[in-house]
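Just so it is clear, none of the values below were taken in a lab; they were calculated from the coordinates. Note that the structure is a prediction, hence the values are computed from the model and not measured. Reconstructed Cβ throughout: ideal geometry from the backbone, glycine too, with neighbour counts over all protein chains shown.
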Amino acid sequence: MSGKHWPPGTQCVTKHDHTKPKPRELAFRKGDMVTIIEAVEGKGWYRVRHNETGQEGLLAASALRERGAIRADPKLSLMPWFHGKISGLEAVQELQPPEDGLFLVRESVRHPGDYVLCVSFGKEVIHYRVVHEENTLSIDSQQYFSNLIDMIEHYMNEQGAICTKLVKPKPKSGMKSAEEELAKAGWLLNLKHLTLGDRIGQGEFGDVLQGEYMGQRVAVKNIKCDVTAQAFLAETAAMTKVRHKNLVCLLGVILHNGLYIVMEFMSKGNLVNFLRTRGRALVPTQQLLLFALDVAQGMDYLESKKLVHRDLAARNILISEENVAKVSDFGLARVNPKGADATLLPVKWTAPEALKHNKFSSKSDVWSYGILLWEIFSFGRAPYPKLALKEVTELLEQGYRMDPPEGCPPTIYALMKSCWELEPGKRPSFKKLTEKLQKELKHLRDI
Ligand code: ADP
Ligand code: MG
């Protein structure tokens, strides 16, 4: 087991039960989640903290596996019990043999827009009409819900006005429960350990709140709409595949109130605000170069994992307490499905071939990186300040490029321009950009 090396903070899942621990050892059950605190020298043991109980103790590496990545799988559903448009009769057949509390949800045939909750109870199936009115759902006109996920969660905990508490979802054939898969892989967090605080940001799809999870400060993105949450789920999968010091780290998700995405907390907010509020007087060139280098390194790693960001921009770079810049919103950028609405693209950041032919690649990310460099060295100005969106694409094809920001070192301006080659193949790789920035930093230190 000597091959394993897990840094502090790594999330692991236990492979079997260990209920009679020796002194200093930790007791656990198969499938429990623990956090690595540190390796115990040369022994193949780790000191860990149990994620449920908070207890600390020793644990053999052989009893642990690191949590696995989630595959973006269209069969993975936040609502596996949702069967779409099937008839009442078909629903009854789905719920055989009878079992108290076995349930599914279908779309109402008779009342388009409404749903029906079908519950097996005492050898019968009872159908409850779920009235959909003004963006709320209700069975009894007393309890209202903003989406089906919340409604089901509620009736699994409380019987309320229906015949029995919901016990067991009947999945639509071929569908897998996202909740189960996330739990198995180790990405499902426990709502009871989460405390929510102030709102720190507003995203396109929901609020971002500050919070605490088992003693760690976290940021929580809440996506309330069930359809959007389902789309996000597929994209959150990208975040489970990566781990790098310059990528915002996903701690896990909670299925409550739609979807909570729990991330590490970046106390200094996004890079645009960071630069705008401090400005030239407070942020030296070396710091700008360090931010640029951080982003290039994070992107080099993403490229190595064959992940394309599509929305690289200073607003999506977050700054930690220690002034480390990290890329966020990766993978999430693809929430707008293929053939995405071109009017939603961040035109001033997007490479011409991506805008015109939907050709997104690491090289189109490099184009955006050039714009990001310009944003950094102009202390958070909006790119192409005097141009309307419509003008930008045409001018670019005629060879127009932005001027260097005031006080920008010529070598950095040359880097920007190399990112803005019309032909994607002529742009540098993120590895090359990393090397050039390192050289530039060294040069700055030497003088
Ligand atoms: P969207 O891309 O949907 O618009 P973002 O993920 O960019 O939403 O978040 C919006 C804002 O919330 C960010 O600009 C930032 O200020 C804040 N924010 C997001 N994630 C974090 C985080 N992990 N730590 C601190 N602040 C964050
Ligand atoms: Mg964003």
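Data overview
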item: Dipole-positive endmost among PHE379, THR164, PRO284 within the chain (Cβ charges, Cα centre); result: PRO284
item: Length-normalised contact order of the chain in % [C-alpha pairs under 8 Å, at least 6 apart]; result: 10 percent
item: Farthest toward positive dipole pole in the chain [+1 Lys/Arg, -1 Asp/Glu at C-beta], among TYR301, THR393, ASN147; result: TYR301
item: Tensor-based shape of the stretch 204-243 (alpha-carbon gyration tensor, a/c under 1.5 rounded, otherwise prolate or oblate); result: oblate
item: Three principal axis lengths of the chain [C-alpha, angstrom, descending]; result: 81, 62, 37
item: Cα Rg, Dmax, the stretch 37-76, angstrom units; result: 14.3, 43
item: For the chain, share of DSSP beta bridges that run antiparallel, in % to the nearest 5; result: 90 percent
item: Candidates LYS326, LYS176, LYS359: whichever shows maximal mean-square fluctuation once the chain is modelled as a Gaussian network with Cα springs under 10 Å; result: LYS359
item: Value of [θ]222 nm, deg cm²/dmol, for the chain, DSSP H segments ≥ 4, -39500 (n - 2.57) each, nearest 500; result: -9000 deg cm²/dmol
item: Cα shape, the stretch 358-447, gyration tensor, a/c 1.5 rule; result: oblate
item: Share of pairwise Cα separations in the stretch 383-429, more than 15 Å, in percent; result: 51 percent
item: Cα lying deepest toward the dipole's positive end in the chain, options ALA238, PRO23, ALA178, charges on Cβ; result: PRO23
item: Most fluctuating residue given options THR53, THR393, THR164, as computed from a GNM of the chain linking Cα atoms under 10 Å; result: THR53
item: Choice from VAL34, VAL242, VAL109 with maximal GNM fluctuation in the chain (Cα, 10 Å cutoff); result: VAL109
item: Relative counts (whole %) of C-alpha pair distances in the stretch 1-73, using bins that are 5 Å wide; result: 3, 17, 31, 26, 14, 5, 3, 1, 0
item: Longest to shortest principal axis, alpha-carbon extents of the stretch 117-256, angstrom; result: 55, 32, 27
item: Rg to Rh, two decimals, where the stretch 207-308 supplies the alpha carbon set and Rh follows Kirkwood; result: 1.02
item: Three principal axis lengths of the stretch 78-117 [C-alpha, angstrom, descending]; result: 28, 24, 12
item: Separation between Cα centres of the stretch 296-322 and the stretch 236-295, rounded to whole Å; result: 9 Å
